[in-house]
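One structure below.
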Amino acid sequence: MFDTFRLAELPSSDEDLRPRIRELIARSIDAIPLDQRARSWQGFDRQFSRTLGKEGFLGLTLPRRYGGHDRGPFARFVVVEELLSAGAPVAAHWFADRQSAPLLLSYGTEAQKEFYVPRICRGEALFCIGMSEPGSGSDLASVRTRAEPNGSGWLLNGQKIWTTNAAHSDYMIALVRTSGTTAERQKGLSQLIVDLKAPGVTVRPIVDLTGDSHFCEVFFDNVQLAEDALVGSEGQGWDQVTAELAFERSGPERIYSSIILLDAWVRHLQAVGRIDKATEVGALTAELATLRAMSIACTARLVAGESPVVEASIVKDRGTGFEQHLPSVIGDDLGSHPDEPIAAELYRTLLYVTHIAPSFSLRGGTREVLRGIIARGMGLR
Amino acid sequence: MQMNELTEPFGRLLASLCTSAAVREVEGGGSFGAMWEELATSGFLDALVEESVGGAGLDLADVEPLFELIGFHAVPLPLSETIVARALLAKAGITAPDGPIVLVTSLDQPVPCAMVASYALVDTGEELILAEMAGLDPKSIGNHHGLSAIIAKVPVADVSLPRPSDGLRPLAATVRAALIAGAAARLTEMSTNYCNERVQFGKPIGRQQSVQHMLAVMAEDMIACRIAAEIGLSKGLDMPIAVAATAKATTSAAATRIAASAHAVHGAIGISEEYDLQLLTRRLHEWRLADGSEGYWAAQLGKQRLANSASSIDWVRDHIFS
Ligand SMILES: Cc1cc2nc3c(=O)[nH]c(=O)nc-3n(C[C@H](O)[C@H](O)[C@H](O)COP(=O)(O)OP(=O)(O)OC[C@H]3O[C@@H](n4cnc5c(N)ncnc54)[C@H](O)[C@@H]3O)c2cc1C
């Protein structure tokens, strides 16, 4: 079962990026406090993304003729791993670099590739992902936002919700109904690029339980889109989204969301000179190493040109479980030493991660949805 | 399991030799001589021995899939242990004796398959000693159809060889990790098939979402075991503790979950002796305990980790991946 899902190695030719990205990180971000770093890939900094683009760290998987670097998924893994390990603010370019540009490369027209991809590689064109709607979460095929073909292209009406970074992005790639009825489900869905500055688009940020606002509501009121807003073929949106989700779910951000907290706890244990939790630290370290190897093994399937939908679900489900387990173990440790001083910054970081952790297994597809995909891959559905 | 020119014939050999009837017979006290003879003549015993002295010259990473297959087929003999022992003996310039060899990393706790071994390679803490099993007075644990025994007599140096810097336990534990990974793969396969066949409430139980999710988690554990075992066996015979610890802590922790889920979905039939499930789940529990369980190895790993100020990702890259 899943016979090709085996240990793979990061090629040394891609490891050469590691010292370079570390140098950039050291130079650009050391003033960020711990609990900000713990925002991980939610931290938004347009300037930092442009710096990454300028210095050649975006578009690593993309062809040179569209401004990329022709390096492939392993190179991207190395760079992303370092960014996450440092808690660098990567949100601005994240979706575009991870999934929108690969989507455009696979399905876009030549004109679309030339228009968008070089700007994505420079960190200048920021994308958000418009899939979820108030009535369509896990049941994504039930989306109701509709684009009607008219003389000048598409007329878009409806609403998206939970769209991360919509308030700061230039474009949304939206999954919408372009033909047929809601009852026809997957049939009749398409992906459209929406310029978020177009008349009729309203974006309202939503504040989360930690006080941050990353996700948004986005309303479309008779938004006129040009003919060439369509990505790929009309009616093929579902298949395209499925392929896109393999990129969305397979990266190391699905195992490293709590890594800043883990490092801070280890430093705390070292500072107070405690080894009573060596077993817990060791168990977490073994799991971290295993997950890292699983994530690299999944990346190897991308390198082989496959769309590792099931493998990515396996890594993401296990990885988010690990990310959620960490604050619970660390909270118990700190709380069970009531007479030991704790830096307020560490405590704040612990609470931040504890409060946001439920989202790890919601965003990008819930735990239950992923387990359903794995079960289908096993031949049970 | 990935089939290639090595695993394919080996898998076929084990499938024909270690049928569940044959496994039961050895476990029931029957003779294992004929089974061993076939394994010995197959040439796989010296897989890790250098070509210049008549072996196949493979390294541990190459044979990892073979160890998985040994776990997959519930081989009732210390076959992986013998392959490793013969490699260590050959490296020390010692001609290996005929017959199965177990790796003994504790004189106080049970050694799997000791009842069907002719020799033991014992880590005394100072050196490795090759001793005849008969002289060690192995005491069977006495559980039903178990092949484990505690070594009652401390061996005297007859044939001795240098001890690896961290002893034999890391290597033995990592071999167990690969066996666990193989048994996990078999149990995941058996459970999936069973859930597609067994009908209750008018449909296969595998159509029930709660069952699907249990099996999905089992598949995650199975893959984690496979990849952790591969990490463990990727560094050669002189195995770093951190690497062995990752392999054994991950697989031992998963072993109990996998066994529990396999039994849960099989219902009562999985508890019966006649049904093959128990051949695998009993071994999982035995291997989990042998050569250090998850808690032992996590403590080893945690101690090393806490002694170093690197970030978690850097530490893992430097000590487990490089
Ligand atoms: C931080 C964050 C960022 C996000 N960013 C984006 C974004 O940028 N773009 C975007 O489009 N969306 C985004 N989302 C939305 C995300 O994709 C949805 O939250 C997710 O798909 C689940 O949908 P829902 O929240 O409506 O929950 P629901 O689908 O209503 O699910 C609620 C619960 O019911 C369970 N459930 C539902 N159906 C089944 C079933 N068939 N079987 C078993 N259990 C079931 C779910 O697993 C879950 O436990 C984001 C979410 C979060 C938390």
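The values are calculated or read from the model by the stated rules, or taken from the named source; none is laboratory data. All values derive from a computational prediction rather than experimental measurement. Cβ: placed from backbone, ideal geometry, glycine included. Neighbour counts: every protein chain shown. The protein model used for the area step is the full one, side chains on, heavy atoms only, and it has no ligands, DNA or RNA in it. Shrake-Rupley method; radii C 1.70, N 1.55, O 1.52, S 1.80 Å.
Say whether the condition of being part of a loop (DSSP other than H, G, I, E, B), facing another protein chain (nearest Cβ under 10 Å) and open to solvent by 10 Å² or more (accessible area, probe 1.4 Å) is met by at least one residue in segment A:358-376.
Let us first name the residues in segment A:358-376 that are part of a loop (DSSP other than H, G, I, E, B), namely A:362-366.
Next, from what is left, pick out any that are facing another protein chain (nearest Cβ under 10 Å): none.
There is no residue in segment A:358-376 that is part of a loop (DSSP other than H, G, I, E, B), facing another protein chain (nearest Cβ under 10 Å) and open to solvent by 10 Å² or more (accessible area, probe 1.4 Å).
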Inset, instruction - Run residue A:66 past the list (1) open to solvent by less than 10 Å² (accessible area, probe 1.4 Å); (2) within 14 Å of chain B (Cβ to nearest Cβ); (3) among the aromatic types (Phe, Trp, Tyr) and report the number of the one that doesn't hold. - result: (2)
Legend entry - Some residue of segment B:286-294 being within 13 Å of chain A (Cβ to nearest Cβ) and assigned to a helix (DSSP H, G or I): yes
Inset, instruction - May I ask you to say which residue of A:283, A:300, A:343 is more than 16 Å from the ligand (Cβ to nearest atom), touching a His at 6+ places or on another chain (Cβ under 8 Å) and either within 30 Å of residue B:203 (Cβ to Cβ) or hydrophobic (A, V, I, L, M, F, W, C) (or both)? - result: A:343
Legend entry - Single residue of segment A:61-87 satisfying the filter (free of Cβ contacts under 8 Å to residues at least 60 places away in the same chain and touching a Gly at 6+ places or on another chain (Cβ under 7 Å)) that is nearest to residue A:294 (Cα to Cα): A:61
Legend entry - Filter result (out of contact with any Pro (no Cβ under 8 Å at 6 or more places or on another chain), near the ligand (Cβ under 9 Å from one of its atoms) and of a type outside the set (D, E, K, R)) within segment A:153-165: A:162, A:163, A:164, A:165
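Each row is one residue, and each column tells you yes or no for (1) more than 14 Å from every other protein chain (Cβ to nearest Cβ); (2) free of Cβ contacts under 8 Å to residues at least 60 places away in the same chain.
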residue: A:232; (1), (2): yes, no
residue: A:272; (1), (2): no, no
residue: A:279; (1), (2): no, yes
residue: A:317; (1), (2): no, yes
residue: A:326; (1), (2): no, no
Legend entry - Enumeration of residues in segment A:15-43 that are in contact with a helix residue (DSSP H, G or I) (Cβ under 7 Å, 6 or more places away or on another chain) and open to solvent by 70 Å² or more (accessible area, probe 1.4 Å): A:22
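Of B:127, B:50, which residue is modelled with pLDDT of 95 or more and of a type in the set (D, E, K, R)? Show your work before the answer.
Values: B:127 fails: modelled with pLDDT of 95 or more.
Going through B:127, B:50 in turn, the sole match is B:50.
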Inset, instruction - Give segment A:199-212 a look and list any residue that's under 15 Å from residue A:168 (Cβ atoms) and within 11 Å of the ligand (Cβ to nearest atom), or say none. - result: A:206, A:212
Legend entry - Any pair with Cβ under 6 angstrom, 6 or more apart, that starts in segment A:125-150 at a residue that is within 14 Å of chain B (Cβ to nearest Cβ) and ends at one that is within 12 Å of the ligand (Cβ to nearest atom) and open to solvent by less than 50 Å² (accessible area, probe 1.4 Å): A:138/A:366; A:138/A:369
Legend entry - Condition broken by residue B:178, with the remaining ones in (1) touching a Leu at 6+ places or on another chain (Cβ under 7 Å); (2) over 30 Å from residue B:274 (Cβ atoms) satisfied: (2)
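Can you find even one residue in segment B:268-285 that is closer than 30 Å to residue A:9 by Cα and of a type in the set (Phe, Trp, Tyr)?
If we filter segment B:268-285 for residues that are closer than 30 Å to residue A:9 by Cα, which is where we start, we get B:284.
Those left that are additionally of a type in the set (Phe, Trp, Tyr): none.
No, segment B:268-285 contains no residue that is closer than 30 Å to residue A:9 by Cα and of a type in the set (Phe, Trp, Tyr).
Just wondering, is there one or more residues in segment A:309-322 that are among the acidic types (Asp, Glu) and part of a loop (DSSP other than H, G, I, E, B)?
So far as segment A:309-322 goes, no, none of its residues is among the acidic types (Asp, Glu) and part of a loop (DSSP other than H, G, I, E, B).
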Inset, instruction - Quick one: which residue in A:186, A:191 is in contact with a helix residue (DSSP H, G or I) (Cβ under 6 Å, 6 or more places away or on another chain), more than 14 Å from every other protein chain (Cβ to nearest Cβ), within 16 Å of the ligand (Cβ to nearest atom) and outside any strand (DSSP E or B)? - result: A:186
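Mind checking which residues of segment A:194-216 are part of a loop (DSSP other than H, G, I, E, B) and closer than 29 Å to residue A:353 by Cβ?
Of the residues in segment A:194-216, the ones part of a loop (DSSP other than H, G, I, E, B) are A:196-200, A:206-214.
Passing the criteria: A:206, A:207, A:208, A:209, A:210, A:211, A:212, A:213, A:214.
Within segment A:113-125, can one find any residue that is open to solvent by 10 Å² or more (accessible area, probe 1.4 Å), closer than 19 Å to residue A:219 by Cα and more than 12 Å from the ligand (Cβ to nearest atom)?
The first filter runs over segment A:113-125 and keeps only residues open to solvent by 10 Å² or more (accessible area, probe 1.4 Å), leaving A:113-116, A:118-119, A:122, A:124.
Of the ones still in play, those that are also closer than 19 Å to residue A:219 by Cα are none.
For segment A:113-125, residues open to solvent by 10 Å² or more (accessible area, probe 1.4 Å), closer than 19 Å to residue A:219 by Cα and more than 12 Å from the ligand (Cβ to nearest atom): absent.
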Legend entry - Failed criterion for residue B:210 (all others in (1) in contact (Cβ under 8 Å) with a residue 12 or more places away in the chain; (2) more than 7 Å from every other protein chain (Cβ to nearest Cβ) hold): (1)
Inset, instruction - Would you mention how many residues in segment B:84-119 are touching a Leu at 6+ places or on another chain (Cβ under 6 Å), open to solvent by less than 10 Å² (accessible area, probe 1.4 Å) and of a type in the set (Gly, Ala, Ser)? - result: 2
Legend entry - Residue identified as under 16 Å from the mean Cα position of the chain (by Cα), within 30 Å of residue B:20 (Cα to Cα) and not assigned by TED's automatic domain parsing to the domain that holds residue B:189 among B:43, B:71: B:71
Inset, instruction - Please determine, by comparing only the residues of segment A:129-152 that are farther than 21 Å from residue A:245 by Cβ and surrounded by fewer than 17 Cβ atoms within 10 Å (Cβ to Cβ), which one is nearest to the ligand (Cβ to nearest atom). - result: A:148
Inset, instruction - Tally the residues that are among the β-branched types (Val, Ile, Thr) and near the ligand (Cβ under 9 Å from one of its atoms), restricting the search to segment A:348-381. - result: 3
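Scan segment B:305-318 for residues that are closer than 24 Å to residue A:9 by Cα, open to solvent by less than 70 Å² (accessible area, probe 1.4 Å) and either at the interface with chain A (Cβ under 7 Å from one of its Cβ atoms) or not in a loop (DSSP other than H, G, I, E, B) (or both) and jot them down.
Within segment B:305-318, the first condition is being closer than 24 Å to residue A:9 by Cα, and the residues that meet it are B:305, B:310-318.
Pick out the ones that are also open to solvent by less than 70 Å² (accessible area, probe 1.4 Å) and you get B:305, B:310-317.
Once the filter is applied, which keeps residues that are closer than 24 Å to residue A:9 by Cα, open to solvent by less than 70 Å² (accessible area, probe 1.4 Å) and either at the interface with chain A (Cβ under 7 Å from one of its Cβ atoms) or not in a loop (DSSP other than H, G, I, E, B) (or both), segment B:305-318 yields B:305, B:311, B:312, B:313, B:314, B:315, B:316, B:317.
Among the residues of segment A:300-315, write down those that are open to solvent by 10 Å² or more (accessible area, probe 1.4 Å) and within 13 Å of chain B (Cβ to nearest Cβ).
A:300, A:301, A:310, A:311, listed by residue number.
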Inset, instruction - Could you check how many residues of segment B:215-272 are in a helix (DSSP H, G or I), open to solvent by 10 Å² or more (accessible area, probe 1.4 Å), on the phi < 0 side of the Ramachandran plot and more than 9 Å from chain A (Cβ to nearest Cβ)? - result: 11
